Every structure is written in structure tokens, then in C-alpha cells.
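To start, the structure itself, in C-alpha cells.
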Ligand SMILES: [Zn+2]
């Protein structure tokens, strides 16, 4: 896993997006610089207990995380975490993962 998530920052207005957009919905610019975001806070969490067509399924935890840059993203959790838990963000083969921030 790579620490942080890739953030596309609009060169027109400075807004950061994850995932990447083709055109900035704020200002219409289509030029980007690459940045990273590494921290956030859990806003909501849900447990996925069933997947259609799967016989073997362990419960999985998915959270809405507000990043330190203000985006709200969906991230996988390795354990259930209560709302307002501070997390660090990771990139696991293109999938956002959030882990409880230590300290
Ligand atoms: Zn923009």
C-alpha cells in the first residue's frame, strides 16, 4: 500500500479532486497538477454483509471520509471505526483505504 491518495488539483482555481476529472466542475479548466492527500476523518461507516452471487463473503467496512483537503470520498476500512475517527489514507492498487491514525 502506498501512503496517501493521488489528488488532481485544478490549475485554474486550485480545487482538488479524487478521483481525477476531465474538466473542473468549479471553473471549467482542464489543466491539472498532481498532489496528494494523506489524512481525513470518518463521517459515516457501513458494513457490507452480502454480495450477490457470492457464497463466501466476509463482512466489509466502507466509510465516507472527509479528507483534510475537504473532499468526501469512499474508502475501505480494515476494521469498523466510529464517526469522527481520524484516519490516514492509503492507495491499495487504486483503491482508497483508510486506517485509524495513530497518535
Ligand atoms: Zn477549477
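The values are calculated or read from the model by the stated rules, or taken from the named source; none is laboratory data. These numbers come from a predicted model, not from an experiment. All Cβ positions, glycine included, derive from the backbone under ideal geometry; neighbour counts span all protein chains shown.
Restricting to segment 1-19, count the residues that are free of Cβ contacts under 8 Å to residues at least 60 places away in the same chain and either within 13 Å of the ligand (Cβ to nearest atom) or not in a loop (DSSP other than H, G, I, E, B) (or both).
Residues meeting the conditions: 10.
Taken over segment 26-57, residues that are in contact with a strand residue (DSSP E or B) (Cβ under 8 Å, 6 or more places away or on another chain), part of a loop (DSSP other than H, G, I, E, B) and within 16 Å of the ligand (Cβ to nearest atom) amount to 4.
Restrict the check to segment 72-82 and report whether at least one residue is exposed (fewer than 11 other Cβ atoms within 10 Å of the Cβ), in a loop (DSSP other than H, G, I, E, B) and modelled with pLDDT of 95 or more.
The initial filter retains those residues of segment 72-82 that are exposed (fewer than 11 other Cβ atoms within 10 Å of the Cβ), namely 79, 82.
Remaining after also requiring in a loop (DSSP other than H, G, I, E, B): 79, 82.
From what's left, modelled with pLDDT of 95 or more: 79, 82.
The answer is yes; a qualifying residue exists.
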